Structures are given as C-alpha cells and as structure tokens.
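Worksheet: the structure to be examined is printed underneath.
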Amino acid sequence: MSGDVSATETNPQADAASGLFTAFQKDQKVPRGRWAGAVVAALVPVALGVGLWVIAKGEERTFRIVTPNGFKSMRGGMTTEQVSALLGRPITLERDATGAECYRYGTPNLVNPQFLIYSVCYEDGKLRDVKTLKYSAWNVDPATGTYAAPGEAPAAAAPVPSQEG
C-alpha cells in the first residue's frame, strides 16, 4: 500500500533526530544553568590547584636525620618531647650564639673514622633548625701532634732538626 503521508502525522525517528540538532537552530538561547555549570566546572580545578599550592607553601620545613634504625623525619615547630620520641635521649644541651637551646643527638664512637652528631635547636620550645656536625675519631697525641686512625697508636714523631748556624 503506497500512500501519502499527511503533514499531520509524526514520525518518531524524525522527532528523535530533530532534538539532536537544536543547538544549531537560530534564536535558541542556552539556559542559564548550563553556563553556571560550565563556569563552576572550570573553576573547581583552579581552586584545587591554588589550595594545594597554599598548603605546600605553608608546610613547615622537614628535617631528615640518619639513625641506626633508618631515617627519621622531623618537622619545624615540633616540641622537645616530640623530637625526643623520634631520636631518643640527647647526649648534651648547649646554647648557640643567639641563646637558643640546642640538644645534640647521635652516637659518638672510636671505631669508625668519622661519625655524625645532630644539633637540634629550639626557639620558644619549638624546633627551629637541625645542623649536621661531622666529627673525626682519630687519635691525636697532644705532645707531638701526630695522629692515627681509630684502633692504631699515633706514630712517633720524627725529631725536628735544629737550625743552628
């Protein structure tokens, strides 16, 4: 049966397809909700990036200390109790040139030729800075000024020739 389709009849496929191209119709305004959604979607990554940058900039300094059990991390602003919980009991207390309290941590020994001591300084009870001090364990004979590696005796000094004229 072939017949003419009247203009009043609708084709469901044509109605579905016509909805796809509404963006190309003239005088069609985009609803305000879409613009607001697009602006919010664009600003969210920017706000997250700025927030992470602020957090990273405001983070206090982190100090890495080598201990016999591995690395320990300390943050600027920690209290003496928090640092002692990480590093153990200090070996001595001293004051630096500014008058700040500085505790020394480490394990001096006479077996290794060198060892590290950490000077941890506090200002108003909060961790300010950490300095690494390197010491030598060589034996020095104060009388002759000679020195030897750990475990060895200082070599005898050669006599200094006199300069008589």
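May I ask you to list the residues in segment 68-78 that are of a type outside the set (D, E, K, R) and at pLDDT 70 or above? Don't jump to the end; show me each part of the working.
The first filter runs over segment 68-78 and keeps only residues of a type outside the set (D, E, K, R), leaving 68-71, 73-74, 76-78.
Matches in segment 68-78: SER73, MET74, GLY76, GLY77, MET78.
Would you pick out the residues in segment 61-111 that are loosely packed, with under 11 Cβ neighbours inside 10 Å, of a type outside the set (Val, Ile, Thr) and not in a helix (DSSP H, G or I)?
ARG64, PRO68, ASN69, GLY70, PHE71, SER73, ARG89, LEU93, ARG95, ALA97, GLY99 - these are the residues of segment 61-111 that are loosely packed, with under 11 Cβ neighbours inside 10 Å, of a type outside the set (Val, Ile, Thr) and not in a helix (DSSP H, G or I).
Only one residue in ARG128, ARG95 is charged (D, E, K, R), at pLDDT 85 or above and touching an Asp or Glu at 6+ places or on another chain (Cβ under 7 Å), so which one is that?
Numbers: ARG128 fails: touching an Asp or Glu at 6+ places or on another chain (Cβ under 7 Å).
Residue meeting the stated conditions: ARG95.
Can you tell me which condition ALA137 does not meet? The list is (1) surrounded by 15 or more Cβ atoms within 10 Å (Cβ to Cβ); (2) aliphatic (A, V, I, L, M); (3) modelled with pLDDT of 85 or more, and all the others hold.
(3)
The values are calculated or read from the model by the stated rules, or taken from the named source; none is laboratory data. In this text, all values refer to a predicted model and were calculated from it rather than measured experimentally. Ideal geometry is used to build each Cβ from the backbone, glycine not excepted, and the neighbour counts take in all protein chains shown.
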